1. When only C-alpha pairs under 8 Å and at least 6 residues apart count, what is the relative contact order of the stretch 140-269, in percent?
2. Cross-link list LYS54/LYS327; LYS116/LYS155; LYS54/LYS211; LYS65/LYS137; LYS223/LYS328: which exceed 21 angstrom alpha carbon to alpha carbon?
3. SER192 to LEU158: extension gain in nm, 0.36 nm per residue of separation minus the Cα-Cα distance?
4. Simple spin-label model, 7 Å along Cα-to-Cβ: GLN48 to ASP177 in nm?
5. How far apart, in nanometres, would the label points at LYS137 and ASP326 be if each is projected 7 angstrom from Cα along the Cα-to-Cβ direction?
Amino acid sequence: MATTKRSGKSGRGNLFSVNNLLKIPSSLGTLRGFMDAVNWKAAEDDVQRDLQRKVVITGLANAGKSTLFNKLRGKYQSVVSSTPGTTQSLIHGLFGPFTLVDTPGHLPDMQETGAKDAAVIVMLLDGTKPLRPDDRKLFERLQSLKRPLLVVMNKADLVRGNPETAAASFAAQLGVDDVIPISAITGANITSDLIPTIIDASPEAALAIGKSLPEYRRTAAEKVIRNAALVCLAAGLEPIPLVDIPVILGAQIRMVLRLGAMYGEPLSSQHVRELLGAMAGSLAFRYLAEEAAKAVPFGGDLVSGAIAGAGTWAIGAVTLEYYESDKKLTGPQMRAIFNRVYTRLRTQQRDAHTRADLQFPQRVEIDDE
């Protein structure tokens, strides 16, 4: 929403101003009841379970699984050989969020053992060979697991012609939107394309990668925030007042816990609970959105959803900057960030008329106290 004040005797024109929104929760007796109703243990258990999920690297023999894993890990974990089937048993390489499920080509069923609970499955194809029947069978088997699945063409450095064209051919044959070309030997496209795509494919993968790889922490945190904001936007579309608040609160609390976990904060930490005081602001957004829905015969639910999503996004931005500053942000600084992000998002929503065009602020300027 624009911050410009409208003239007039009533304050109706400024109903959604940030100042009005932030003043409301302190006088709402129901706020504490909603917060107390949250199952904190369940929220912590959900986040802990997400932290255990891994990004599984799999594929047929000699596709370059071990080479990719070793490139990511920085040192050798399993035997790399040009001879198919060198690794003779199921190996779970342990490197932060990544798990290598490395099997001989004639034992593809073993790969499902490590993939069924994956945050994301990365299936490697050998770019120097045409798509093989066993590749297709493995792809279909992995698809049936109903986990996020990325198809990656390895050995792009050895492909004759344009690697992007070869990857597009694989994508067409498998009926997928995209196949990512990489080179596990040279590292081409791994940091620029593969890992960001993994983060974008799954909030669980974003959490695990953000915790283990500081280089990608902010990108991963933004994914978690964006996902929570969309959940709250959808919940905010509920036309019946108050019904959606427990859903929104639960999503926001899990978002803050996930961000804290990324930055090494214990789930039961007092810092996390103090940060959740920002929930008051988001509840204010929701209550005012309900008032708007009553006043607007058509489209009130859309306004409500937009405010719930923007409020959640602003809470996430405050939390992110809090941890990026090594927990040194003051209360006034956090409120200033919250105000700026919320105002920016609501302005974008009005101008674009769609949430798809929203852009996450890469850095939020922090005012001095």
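1. Normalised by residue count, the contact order of the stretch 140-269 is 17 percent.
2. Beyond 21 Å between Cα atoms: LYS54/LYS327; LYS116/LYS155; LYS223/LYS328.
3. 10.3 nm
4. About 3.5 nm, to one decimal.
5. In this crude spin-label approximation the distance works out to 5.6 nm.
Bear in mind that the values in this text are calculations on the coordinates, not laboratory data. Since this is a predicted model, take the numbers as computed values, not measurements. Glycine also receives a Cβ, built like all others from the backbone with ideal geometry; neighbour counts cover every protein chain displayed.
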